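K.L.:
Below are the structure tokens for one structure; questions will follow.
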Amino acid sequence: MQNHHLSKSIIDILSIARLAPSVHNTQPWRVQAGQDELAIFPSSDLALVHGDPTGRQKVISIGIFTEACVIALAHCGFIAGKIDYQNDGKVLISVNSGVNKSQKVIDADVRALKRRFTDRAVYQKTNVTKAQLESIESSWKPNGAKVTATADAGLISLCAQLTRQGLSIALGSPDFRKELASYLVPSQKTPYGIPVTTLKSGGVQSRLMKKILAFDRVQSQEAKREYERWLSASGVVFVLAKGDSPAFWLESGRAYLRAALAIQKLGFHQATSAAVVEASDFHEDIEKALGTKMRLQCLIRFGASKSKYRYSGRFKPQDLLIT
């Protein structure tokens, strides 16, 4: 059935989907609405040359946005059909008008998406039940990607150690630090980037982080802080894929968002890091510990936190449109 109203509803759809998280909050996507198809184009704006040399994190981000579009479409009275990832990086979502089966579930997804934020604080240890872990894992039906959740102290410690090592390697590059500093923005009013108020490195240090990143000594200091943050997690979520190509990265991004929303619905705070995924062969240590041959694509730590909700800025819906 052709849909003649998608273009009229696109601003409402993007008002929800634009809340999708992305690497350094770069929001590397642009959108075009047809009669019965939504096209997502990779954006060359705000590209990470040193922080994402393979382009993995960009494609994962587009996968996250793709799933956010699926949720937003459902909320606005549409049904997302086939999702086609093309060789040029474009994503096509076939769209029909229709009534979705569970409006309560859709509304809960939208509420979780609106409330989800990255909390980079040190968490407070809290009990995570088997049922809670299962609810996170069941948020995504395994296809090309799989969600695994654990509260195992040994695995949390391993993630913390490897994240510390991976971040230390990354921060050892002056080019990486310079690029990262360029994405630190003064407040949530900036429509992209990482607001310094969300860094949780101490009030004065957060405000001075752009300058601090110019110095080599930040390498061990920030890596140690990130170790402490990850060690404080009550649970960790792994997103794994059957392969390591852009199509699997996209699928992993979709799974990531579903897992992140499941964490939000449980009332936990969350944060992510790509250090273990991207640095050297550290991902193999995680895969070995999990007893899997799948490739690690994403990591999310979660736990209890009293931090205030601090949201990063977003581009306006009309700024994301290609006309």
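The values are calculated or read from the model by the stated rules, or taken from the named source; none is laboratory data. The model shown is predicted, which means the values in this text are computed figures rather than measured ones. Using ideal geometry, Cβ is built from the backbone for each residue, glycine included, and neighbour counts are taken over all protein chains shown. Protein only, heavy atoms only, side chains kept; ligands, DNA and RNA dropped before computing areas. Shrake-Rupley method; radii C 1.70, N 1.55, O 1.52, S 1.80 Å.
K.L.:
Need the failing condition index for Ala72 against (1) small (Gly, Ala, Ser); (2) touching a strand residue (DSSP E or B) at 6+ places or on another chain (Cβ under 8 Å); (3) open to solvent by less than 30 Å² (accessible area, probe 1.4 Å), just the number.
P.N.:
Of (1) small (Gly, Ala, Ser); (2) touching a strand residue (DSSP E or B) at 6+ places or on another chain (Cβ under 8 Å); (3) open to solvent by less than 30 Å² (accessible area, probe 1.4 Å), only one is false for Ala72: (2).
K.L.:
Does the stretch 124-141 hold any residues that are in a loop (DSSP other than H, G, I, E, B) and under 22 Å from the mean Cα position of the chain (by Cα), and which are they?
P.N.:
Val128, Ser138, Ser139, Trp140, Lys141 - these are the residues of the stretch 124-141 that are in a loop (DSSP other than H, G, I, E, B) and under 22 Å from the mean Cα position of the chain (by Cα).
K.L.:
Quick check on my filter: what residues within the stretch 4-42 are buried (at least 20 other Cβ atoms within 10 Å of the Cβ) and assigned to a loop (DSSP other than H, G, I, E, B)? It would help to see each step written out before you state the result.
P.N.:
So in the stretch 4-42, the residues buried (at least 20 other Cβ atoms within 10 Å of the Cβ) come out as 6, 10, 13-14, 16-29, 31, 33, 38, 40.
Within the stretch 4-42, Arg18, Leu19, Ala20, Pro21, Ser22, Thr26, Gln27, Pro28 meet the criteria.
K.L.:
Restricting to the stretch 75-92, and then to whatever is of a type in the set (Val, Ile, Thr) and surrounded by fewer than 21 Cβ atoms within 10 Å (Cβ to Cβ), can you tell me which residue is farthest from Val277 (Cα to Cα)?
P.N.:
Among those that are of a type in the set (Val, Ile, Thr) and surrounded by fewer than 21 Cβ atoms within 10 Å (Cβ to Cβ), it is Ile79.
K.L.:
I want to confirm something. Restricting to the stretch 155-183 and keeping residues that are at pLDDT 95 or above and among the β-branched types (Val, Ile, Thr), which single residue is surrounded by the fewest Cβ atoms within 10 Å (Cβ to Cβ)?
P.N.:
Ile156
K.L.:
Would you check if there is a residue in the stretch 143-154 being modelled with pLDDT of 90 or more and part of a helix (DSSP H, G or I)?
P.N.:
Taking every residue of the stretch 143-154 in turn, at least one turns out to be modelled with pLDDT of 90 or more and part of a helix (DSSP H, G or I).
K.L.:
Can you tell which of Asp119, Asp36 is over 18 Å from the mean Cα position of the chain (by Cα) and either modelled with pLDDT under 95 or within 30 Å of Ser173 (Cβ to Cβ) (or both)?
P.N.:
Values: Asp119 fails: over 18 Å from the mean Cα position of the chain (by Cα).
That would be Asp36, the only listed residue that is over 18 Å from the mean Cα position of the chain (by Cα) and either modelled with pLDDT under 95 or within 30 Å of Ser173 (Cβ to Cβ) (or both).
K.L.:
In this structure, is Ile60 of a type in the set (A, V, I, L, M, F, W, C) and assigned to a strand (DSSP E or B)?
P.N.:
no
For every residue, the table says whether it meets (1) over 17 Å from the mean Cα position of the chain (by Cα); (2) open to solvent by 40 Å² or more (accessible area, probe 1.4 Å); (3) among the β-branched types (Val, Ile, Thr); (4) modelled with pLDDT under 95.
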{"residue": "Ala214", "(1), (2), (3), (4)": "yes, yes, no, yes"}
{"residue": "Tyr256", "(1), (2), (3), (4)": "no, no, no, no"}
{"residue": "Gln270", "(1), (2), (3), (4)": "no, no, no, no"}
{"residue": "Lys293", "(1), (2), (3), (4)": "yes, yes, no, no"}
{"residue": "Gly303", "(1), (2), (3), (4)": "no, no, no, no"}
{"residue": "Leu321", "(1), (2), (3), (4)": "yes, yes, no, no"}
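K.L.:
Within the stretch 155-170, can you find the residues that are under 17 Å from Thr272 (Cα atoms) and either assigned to a loop (DSSP other than H, G, I, E, B) or out of contact with any Phe, Trp or Tyr (no Cβ under 8 Å at 6 or more places or on another chain) (or both)? Walk me through it before giving the result.
P.N.:
Residues of the stretch 155-170 that are under 17 Å from Thr272 (Cα atoms), as a first pass: 155-168, 170.
Leu155, Ser157, Leu158, Leu167, Ser168, listed by residue number.
K.L.:
Given the criteria in contact with a strand residue (DSSP E or B) (Cβ under 7 Å, 6 or more places away or on another chain), farther than 30 Å from Arg177 by Cα and not in a loop (DSSP other than H, G, I, E, B), does Ala108 qualify?
P.N.:
In short, no.
K.L.:
Now, a different point. Out of curiosity, is Glu278 open to solvent by 60 Å² or more (accessible area, probe 1.4 Å) and not aliphatic (A, V, I, L, M)?
P.N.:
no
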